[in-house]
Amino acid sequence: MSEKLKYNRVLLKVSGEALMGEGQYGIDVRTVDQIANQVRNAMKLGAEVCLVIGGGNIFRGLSGAAAGMDRSSADYMGMLATVMNALAMQNSLERLDVPTRVMSAIPMMNVCEPYIRRRAVRHMEKGRVVIFAAGTGNPFFTTDTAAALRANEMACDALMKGTQVDGIYTADPKLDPSAQRYDNISFMEVLTKDLKVMDTSAVALARENDIPIVVFSIHEEGGFQKVLQGTGRCTVVDEKGEA
């Protein structure tokens, strides 16, 4: 535990799209390396970090279902996509000499470890980064919900949502220049205003267990470290929602 950190143990949720870089599909190794470098620097500060990575850069279950696929099958395909992203992130972290374990909610012993809560906690206590793959292991649940679930199970101080923008806005700032950014907002406001931060199940789960959601830009240089220290540009979602 470090005195210079506002949050000591965190779960970092990164969308699959964040791994695409400038591409339209797949994994951009340089972008994965950039995110891995931020995780390494956070570990150097003394933080304990675990990750959940989406799979939208490879396959999105909802899109497959919308195209006529069975929803369960489409969601399982999306879960496999998250395992691919987790392995890519593990590779980048280990090239930076950061010990990393991938734990999958769907057992695939030749590829990664099965998810066992006590083992995951022990990995983190030993200074390893743990990447949780395959969502919750069940269809009809998003990786946002998986992130909120694992953050609770790991007793994290915060759920960090690394996005393309530096917080939560009243509208999409890329489409609406007049959109206003929130510094703080309550869980209830996020739900009632239907702000597309995370899905409602994830927000409700975080609210029930009093885990703040911190939304920041994953692409800002040093952004993750600054947010961990309480100095970065971000939006904090908590029960009070007060600045």
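Bear in mind these aren't lab numbers, they're just calculated from the coordinates by the rules spelled out. In this text, all values refer to a predicted model and were calculated from it rather than measured experimentally. Quick reminder, even Gly has a Cβ in these numbers, built from the backbone with ideal geometry, and neighbours come from all protein chains shown.
Answer rounded, prolate or oblate for the chain, using the Cα gyration tensor with square roots of eigenvalues a ≥ b ≥ c: rounded when a/c is under 1.5, else prolate when a/b is larger than b/c, else oblate. Rounded, because the longest to shortest axis ratio a/c is under 1.5.
Note on residue 189 and residue 69: with the Förster distance fixed at 45 Å, the Cβ-Cβ geometry gives a FRET efficiency of about 0.80. Compute, for the chain, the length of the dipole vector about the Cα centre, with Cβ point charges of +1 (Lys, Arg) and -1 (Asp, Glu) only. Units Debye, rounded to 20. For this selection, approximately 660 debye. Selection among 38, 115, 133 by position relative to the dipole of the chain gives 115 as farthest towards the positive end (Cβ unit charges, Cα centre). Shown is the FRET efficiency for residue 174 and residue 96, computed with R0 = 30 Å from the Cβ-Cβ distance and rounded to the nearest 0.05: 0.45.
Placing R0 at 41 angstrom, the Cβ-Cβ distance between residue 77 and residue 240 gives a FRET efficiency of 0.55 after rounding to 0.05. Look at 6, 240 and count the other Cβ atoms within 10 Å of each Cβ; fewest to most, that gives 240, 6. Name the shape class, rounded, prolate or oblate, that the alpha-carbon gyration tensor gives for segment 73-158, where a ≥ b ≥ c are the square roots of its eigenvalues, rounded holds for a/c under 1.5, and otherwise prolate holds if a/b is larger than b/c and oblate otherwise. In terms of gyration-tensor shape, oblate. Structure note, pairs 44/174; 126/240; 126/196; 6/193; 13/44: Cα-Cα distances above 31 angstrom occur for 44/174; 126/240; 126/196. Quick one: check the C-alpha center-to-center distance for segment 190-243 versus segment 92-163, whole angstrom. Taking the Cα centre of segment 92-163 as reference, the centre of segment 190-243 is 19 Å away. Classify segment 1-122 as rounded, prolate or oblate from the Cα gyration tensor: take a ≥ b ≥ c as the square roots of its eigenvalues, call it rounded if a/c is under 1.5, otherwise prolate when a/b beats b/c and oblate if not. Judged from the Cα gyration tensor, segment 1-122 comes out prolate (a/c at least 1.5, a/b above b/c).
How far is it, in nm, from the label point at residue 109 to the one at residue 200 when both lie 7 Å from their Cα along the line to the Cβ? Modelled inter-label distance: 4.2 nm.
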